[in-house]
Amino acid sequence: MNDHKMSTLHLPAYDIQLGDLRESAKTWLREKAYSKIAILVDENTAQHCLPVFLEKTGLEDFRLIQIPAGEQHKNIDTCQAIWRGMMSGGLDRRSLLLNLGGGVIGDMGGFCAATFKRGMDFVQIPTTLLSQVDASVGGKLGIDFMQVKNSIGVFQDPSAVFIDAGFLKTLPYRELRSGFAEMLKHALIADAEQWHILTGINNLAEVDWLPLIQHSLRIKQHVVEADPFEHGIRKALNFGHTIGHAIEGDALESAHPLLHGEAIAAGMIAESYLSHLKLGLAMAEVKKITTFLSGLYGGFRLEKASYPTLFALMQQDKKNENGKILFSLIQPAGNAVVNVACDRSEIEAALDYCAAASA
C-alpha cells in the first residue's frame, strides 16, 4: 500500500484529506491559530495511534483526554468526563478538539465539542476502517441512550477530516471486518458493480484500502450532499441499520456484544429479505447477499425470546414516523428505496430468515 498518496474530497463545509498525515494534518495544524488543542483517545488509540500521530505531525503542546474504549461507554457519563477534561484544560471556543480513534471517539468527541460552550472546532482523525468509510462524512454526532443507538445528538460538521490508511495496520481482523460491512452497505444501496467487486475480496488483511475507502466515501458524499439533514434519500444509508442497530443494542447488554459492522451485517441479511417481501427483490439476489454476509460474519445468535426487545428498540428508531417503523430497503441491489413501512409480522419473518441463515 502507498500510504503517501494524497487525495482530497471537497465537501461544502470542509475537506476530507486521504493520505499520510505528514502531508495533510501537519500542514493544516501549522497554519491554524487555535488557543489550545486537546486530543481525545481511548486506551487502544493512546497505545497504537497517538505515537504515530505525534511523530507524523510534530504536535507537542496539547491536552490529552483519555476515555475507555467500546460502544458501552458511548453515553452521557463519558461525555461528562470529556467535558471535565476540556474544562480543566482551559479550553475555550477558540480551541480545537482532535478526535483520534474509531466511530465512538468521533461521534462522542464531536458531540462534546459541538456542545461545549455552545460549540468549538473539532477535527476527525478516524483510525478504524468503519470510521474512515462511514463517520467521516455527514456531520452526525451523538451518543447512545437507553440502549437506543445515537438517540441523543446533533448535526455539526468538523473543521476537517484526515484519513491515513496506515492506521489500519494496527487493527485486528475483526475490526477490519466490521468496517467492511459499511463498505458493502454503500455498494448495495448505490453501486451494484462495486458490490460485485467487494464480494470478490478473499483476504481483508491484504487489501489496498485507500482506493476502496475513497470510492465508498464518494458514494456517501453524493447521498449526504443531496440530503444533509436526513429528510429523504439520506435515509438510504440506514439500509441494514433499523434491525442491525436493534441487534447491536440488545447484544450490548449480553455476554456476547457485537461490533457495529457485525450487527449491521445481520441487519442487511434481514432487510434484504424484507426487500423481497415488500419490494420484490429477487430471492436469488437475497440468497447471494445472505451467502456472502453469513460466510464472512458467521452466526448472529438470534433467539425468538429476544424479538420483543428487538421490536421495542426498532420502535425507537429515528427514521420512524406516525408510529410506523420505516425501513430503507433495496430493489434491485445497487438501488435504495426509503420510507418503506413494515409491520411486526413482516419484521419477525425477516428475523426468522436471518436466524435460519446464520444458524
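The values are calculated or read from the model by the stated rules, or taken from the named source; none is laboratory data. Only a predicted model underlies this, so the values are computations on that prediction, with no experimental measurement involved. Note: ideal-geometry Cβ built from the backbone for every residue, glycine included; neighbour counts use all protein chains shown. Surface areas here come from the heavy atoms of the whole protein model, side chains and all, with no ligands, DNA or RNA. Shrake-Rupley method; radii C 1.70, N 1.55, O 1.52, S 1.80 Å.
Run the quick spin-label model on N339 and L64: label points 7 Å from Cα toward the beta carbon, then report their separation in nm to one decimal.
Result: 5.0 nm between the two label points.
In 5 Å bins starting at zero, report the fraction of Cα pairs in the range 274-347 per bin as a rounded %.
Bin by bin from 0 Å, the calculated values are 3, 14, 20, 20, 24, 17, 3, 0.
Return one whole number: the accessible area per residue of the range 182-261 in Å², for a 1.4 Å probe.
Working: 3170 Å² over 80 residues.
Each residue of the range 182-261 exposes 40 Å² on average to a 1.4 Å probe.
Name the residues whose placed amide hydrogens come within less than 5 Å of the amide hydrogen of V337, ignoring near sequence neighbours (fewer than 5 apart) on the same chain.
Hits under the 5 Å cutoff: L329, I330, Q331.
In the structure displayed, which of K26/K56; K235/K278; K288/K324; K220/K278; K140/K235 lie more than 19 Å apart, Cα to Cα?
Working: K26/K56 7 Å; K235/K278 17 Å; K288/K324 29 Å; K220/K278 25 Å; K140/K235 13 Å.
Too far apart for the 19 Å limit: K288/K324; K220/K278.
Evaluate 2.2 N^0.38 Å with N set to the residue count of the chain, then give the Cα radius of gyration divided by it. Each step should come with its number before you reach the end.
Values: Rg = 19.7 Å, N = 359, 2.2 N^0.38 = 20.6 Å.
Rounded to two decimals, the normalised Rg is 0.96.
For the range 223-359, what size does the Cα cloud have along each of its three principal axes, sorted from largest down, in whole Å?
Answer, in whole Å and largest first: 39, 32, 27 Å.
Which ³J(HN,Hα) values in Hz, rounded to whole numbers, follow from the phi angles of the range 39-51 under the Karplus curve 6.51 cos²θ - 1.76 cosθ + 1.60, where θ = phi - 60° and Gly and Pro get x?
3J(HN,Hα) across the range 39-51, in whole Hz: 10, 9, 9, 10, 5, 6, 6, 4, 7, 9, 10, 4, x.
Out of every Cα-Cα pair in the range 50-203, what percent are more than 24 Å apart? Mind dumping the intermediate values first?
Working: 4205 of 11781 pairs.
Tail of P(r) above 24 Å: 36 percent of Cα pairs.
What's the Kirkwood radius of the range 1-90 in Å, using all Cα pairs? Could you put the intermediate results ahead of the total?
Numbers: mean 1/r = 0.0663 Å⁻¹.
In the range 1-90 this quantity evaluates to 15.1 Å.
Quick one: Karplus J couplings for the range 349-359, per residue in order, coefficients 6.51, -1.76, 1.60, θ = phi - 60°, nearest Hz, x for Gly and Pro?
Once rounded to whole Hz, the list reads 5, 5, 5, 4, 4, 5, 4, 5, 5, 9, 5.
Restricted to Cα positions, what overall size does the range 217-287 have along the principal axes? Three whole-Å values, descending.
Answer, in whole Å and largest first: 40, 30, 20 Å.
Going by alpha carbons, how many degrees (0 to 90, nearest 10) lie between the helix axis of 209-226 and the longest principal axis of the chain?
It works out to around 80 degrees.
Select from Q132, G166, I76 the residue farthest towards the positive end of the dipole of the range 64-201; place +1 on Cβ of Lys and Arg, -1 on Cβ of Asp and Glu, and compute about the Cα centre.
The residue sitting farthest along the positive end of the dipole is I76.
Each label point is 7 Å from the Cα along the Cα-to-Cβ direction; what then is the distance between the points at Y34 and Y173, in nm?
According to this spin-label approximation, the distance is 3.7 nm.
What is the helix-to-structure angle for 76-88, meaning the angle in degrees between its Cα long axis and the longest Cα principal axis of the chain, kept from 0 to 90 and rounded to the nearest 10?
Tilt relative to the chain: about 10 degrees.
Run lengths n ≥ 4 of DSSP H only: what is the helix-derived mean residue ellipticity at 222 nm for the chain, with -39500 (n - 2.57) per run over all residues, to the nearest 500?
On the way: 13 runs with 159 residues, N = 359.
After summing the helix terms and dividing by residue count, I get -14000 deg cm²/dmol.
Taking H placed 1.01 Å from N in the peptide plane, check which residues at least 5 places from G101 or on another chain put their amide H under 5 Å from its amide H.
Those qualifying (amide H under 5 Å, at least 5 residues apart or on another chain) are I125, T127.
Whole-Hz ³J(HN,Hα) for each residue in the range 114-128, computed from phi via Karplus 6.51 cos²θ - 1.76 cosθ + 1.60 with θ = phi - 60°, x for glycine and proline: what do you get?
5, 10, 6, 6, 6, x, 9, 5, 9, 10, 9, 10, x, 10, 10
Packing-wise, with mean Cβ within 10 Å as the measure, how do 191-197, 55-61, 347-353 rank, highest first? Write down the numbers at each step before the final one.
Numbers: 191-197: 16.0, 55-61: 12.4, 347-353: 20.0.
With the highest mean Cβ count within 10 Å placed first, the list reads 347-353, 191-197, 55-61.
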